[in-house]
Amino acid sequence: QVQLVESGGGLVQPGGSLRLSCAASGIIFRIYTAGWYRQAPGKQRELVATITSGGSTNFADSVKDRITISRDNAKSTVYLQMNSLKPEETAAYYCNVAAGHDYWGQGTQVTVSS
């Protein structure tokens, strides 16, 4: 079955950086769009960034200049490099692969706090 396993979350100070990884299995990863979403307590899940099979990217306006998304199809992995993190970006971050059906990882917690 399809599995998406996120890693790389944790506690970081404001202005710090984190790199999230999401390893996919059970799916032909390279042909699908992959992305990252986040959900803060009491809020709806929101888009952070997506990357298509061809490498085209899309970002939420709030993160455009500070976050990059990339993928390694040989490793079936999508990455999210986050810089200059803000406290309001504290949330659970979820990996997504859009393969007709939306597949989700279990989430990884990112806490931005001093």
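The values are calculated or read from the model by the stated rules, or taken from the named source; none is laboratory data. Since the model is a prediction, treat every value here as computed from it, not as a measurement. Glycine gets a Cβ as well: all are built from the backbone with ideal geometry, and neighbour counts include every protein chain shown. These accessible areas exclude ligands, DNA and RNA; they are computed on the full protein's heavy atoms, side chains included. Shrake-Rupley method; radii C 1.70, N 1.55, O 1.52, S 1.80 Å.
Values computed for the structure shown
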{"item": "Unmet criterion (only one of (1) free of Cβ contacts under 8 Å to residues at least 60 places away in the same chain; (2) open to solvent by less than 60 Å² (accessible area, probe 1.4 Å)) for A74", "result": "(2)"}
{"item": "Tally of residues being open to solvent by less than 40 Å² (accessible area, probe 1.4 Å) and touching a Leu at 6+ places or on another chain (Cβ under 8 Å) across the stretch 1-20", "result": "8"}
{"item": "Residue count for the stretch 22-38, restricted to those that are surrounded by fewer than 18 Cβ atoms within 10 Å (Cβ to Cβ), outside any loop (DSSP other than H, G, I, E, B) and not charged (D, E, K, R)", "result": "4"}
{"item": "Where I69 falls short, out of the listed (1) open to solvent by less than 50 Å² (accessible area, probe 1.4 Å); (2) more than 15 Å from E6 (Cβ to Cβ); (3) of a type in the set (V, I, T)", "result": "(2)"}
{"item": "Looking only at the stretch 39-53, and only at residues there that are open to solvent by 50 Å² or more (accessible area, probe 1.4 Å) and outside any strand (DSSP E or B), the one that is nearest to Y93 (Cα to Cα)", "result": "R45"}
